[in-house]
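Trainee: Structure incoming, see below.
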Amino acid sequence: MNDLWEDILKAPLPGRVNKPRTQGITMIIDKGLSVYEIRNFLEMNAPFIDFIKLSFGTTVLYKSETLRDKIQTALEYGIPIYPGGTLFEIALWQSQSLPYFRKLAELGFQWVEISDGTLDISKKQRAAAIHSALTCGLQVITEVGKKDASQQQDENISIETALEDLSAGACWVIIEARESGQGIGIYDGKGTIIDEKLTQLSSALPIEKTIWEAPLKNQQARLINDFGPNVNLGNIPPSEALALEALRLGYRSDTWKK
């Protein structure tokens, strides 16, 4: 809360950590904001977000100057931008992962996402990709889980993969839910959390290193109520950044009533 209110109101849900932070991460999904839009967005929301993900493979659709300007604009506000994991998978599929990492570093990216949401990638390939990205000067976020609702993997596989990623040097591991948050990962077809899946994953993974994709408000509120205001959340639509911070602080009934 800014100093306008600090002598009058206190956050109903205490404990939210300020930036820079290593937990309580909010990752925004960007489907094509312009440089002008990203600057306006960050003027309002920069204190509340930690990463911006350029969704899918949209990174390659930007003009060179626009992409560099967008990366630099975000960095001016202390917000790293990184490409979605699908672009890494395409690079790997075309045997171009190392040139891909080098190009990201040359463009000014500081982070990369490594995933296997569409491809089947061996443990050896995954560890090698993390190592290559780190060697190129990039920090790594990985993602576990499949994007196809009909091919959801066993939670034990996700747990094993996530722990191996962290051991290999990844900073955080994202639990896949796509931008819809329905029928994928810990969510059923209506976007409701499947308790058994959440319990299994959260009891085996370090919560401070786990980012739950949670694009829907009911998902965000449930995870905050379960794990507190500093749970890591991702795939948040830009229009929901301020609303999510209100949830984290208890300035919405969904978390205040708790």
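Trainee: Among the listed residues Asp69, Asp3, Asp30, Asp50, which satisfies the condition of being free of Cβ contacts under 8 Å to residues at least 24 places away in the same chain, on the phi < 0 side of the Ramachandran plot and either surrounded by fewer than 13 Cβ atoms within 10 Å (Cβ to Cβ) or not small (Gly, Ala, Ser) (or both)?
Mentor: Values: Asp69 fails: free of Cβ contacts under 8 Å to residues at least 24 places away in the same chain; Asp30 fails: free of Cβ contacts under 8 Å to residues at least 24 places away in the same chain; Asp50 fails: free of Cβ contacts under 8 Å to residues at least 24 places away in the same chain.
Going through Asp69, Asp3, Asp30, Asp50 in turn, the sole match is Asp3.
Trainee: Which residue is surrounded by the most Cβ atoms within 10 Å (Cβ to Cβ), if the candidates are limited to region 132-167 and must be under 17 Å from the mean Cα position of the chain (by Cα) and within 14 Å of Tyr187 (Cα to Cα)?
Mentor: By that ranking, first place goes to Gly145.
So that you can scan it fast, the table gives a plain yes or no per residue for (1) in contact with a strand residue (DSSP E or B) (Cβ under 7 Å, 6 or more places away or on another chain); (2) among the charged types (D, E, K, R):
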site: Pro14; (1), (2): no, no
site: Pro20; (1), (2): no, no
site: Ile25; (1), (2): yes, no
site: Tyr36; (1), (2): no, no
site: Phe41; (1), (2): no, no
site: Asn45; (1), (2): no, no
site: Phe48; (1), (2): yes, no
site: Lys53; (1), (2): yes, yes
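Trainee: May I pose another question? So Gln110 clears everything in (1) without any contact (Cβ under 8 Å) to a residue 40 or more places away in the chain; (2) farther than 30 Å from Asn45 by Cβ; (3) of a type outside the set (Lys, Arg) except one condition, right? Which one?
Mentor: (2)
Trainee: Please tell me if Tyr77 is aromatic (Phe, Trp, Tyr) and surrounded by 14 or more Cβ atoms within 10 Å (Cβ to Cβ). Give the derivation first.
Mentor: Numbers: aromatic (Phe, Trp, Tyr): yes; surrounded by 14 or more Cβ atoms within 10 Å (Cβ to Cβ): yes.
Yes, satisfied.
Trainee: Looking at this structure, is Leu233 in contact with a helix residue (DSSP H, G or I) (Cβ under 7 Å, 6 or more places away or on another chain) and either free of Cβ contacts under 8 Å to residues at least 40 places away in the same chain or under 16 Å from Met27 (Cα atoms) (or both)? Step through it out loud before you land on a result.
Mentor: Details: in contact with a helix residue (DSSP H, G or I) (Cβ under 7 Å, 6 or more places away or on another chain): yes; either free of Cβ contacts under 8 Å to residues at least 40 places away in the same chain or under 16 Å from Met27 (Cα atoms) (or both): yes.
Here the answer is yes, as Leu233 does meet what is asked.
Trainee: Still on this structure, please answer the following. Could you list all residues from region 230-256 that are part of a loop (DSSP other than H, G, I, E, B) and under 16 Å from the mean Cα position of the chain (by Cα)? Working first, answer last.
Mentor: Start the filter on region 230-256 by keeping residues that are part of a loop (DSSP other than H, G, I, E, B), which leaves 230-231, 237, 250-252.
Listed by number, the residues that qualify are Asn230, Val231, Pro237.
Trainee: Still on this structure: Taking the stated definitions as given, is Thr59 in contact with a helix residue (DSSP H, G or I) (Cβ under 7 Å, 6 or more places away or on another chain), surrounded by fewer than 16 Cβ atoms within 10 Å (Cβ to Cβ) and either among the acidic types (Asp, Glu) or modelled with pLDDT of 95 or more (or both)? Walk me through it before giving the result.
Mentor: Details: in contact with a helix residue (DSSP H, G or I) (Cβ under 7 Å, 6 or more places away or on another chain): yes; surrounded by fewer than 16 Cβ atoms within 10 Å (Cβ to Cβ): no; either among the acidic types (Asp, Glu) or modelled with pLDDT of 95 or more (or both): yes.
Considered against the rule, which asks whether it is in contact with a helix residue (DSSP H, G or I) (Cβ under 7 Å, 6 or more places away or on another chain), surrounded by fewer than 16 Cβ atoms within 10 Å (Cβ to Cβ) and either among the acidic types (Asp, Glu) or modelled with pLDDT of 95 or more (or both), Thr59 comes out as no.
The values are calculated or read from the model by the stated rules, or taken from the named source; none is laboratory data. Treat the numbers as computed from the prediction; the structure is a model and nothing was measured. When we count neighbours, we look across all protein chains shown, and the Cβ atoms used for this are built from the backbone with ideal geometry, even at glycine.
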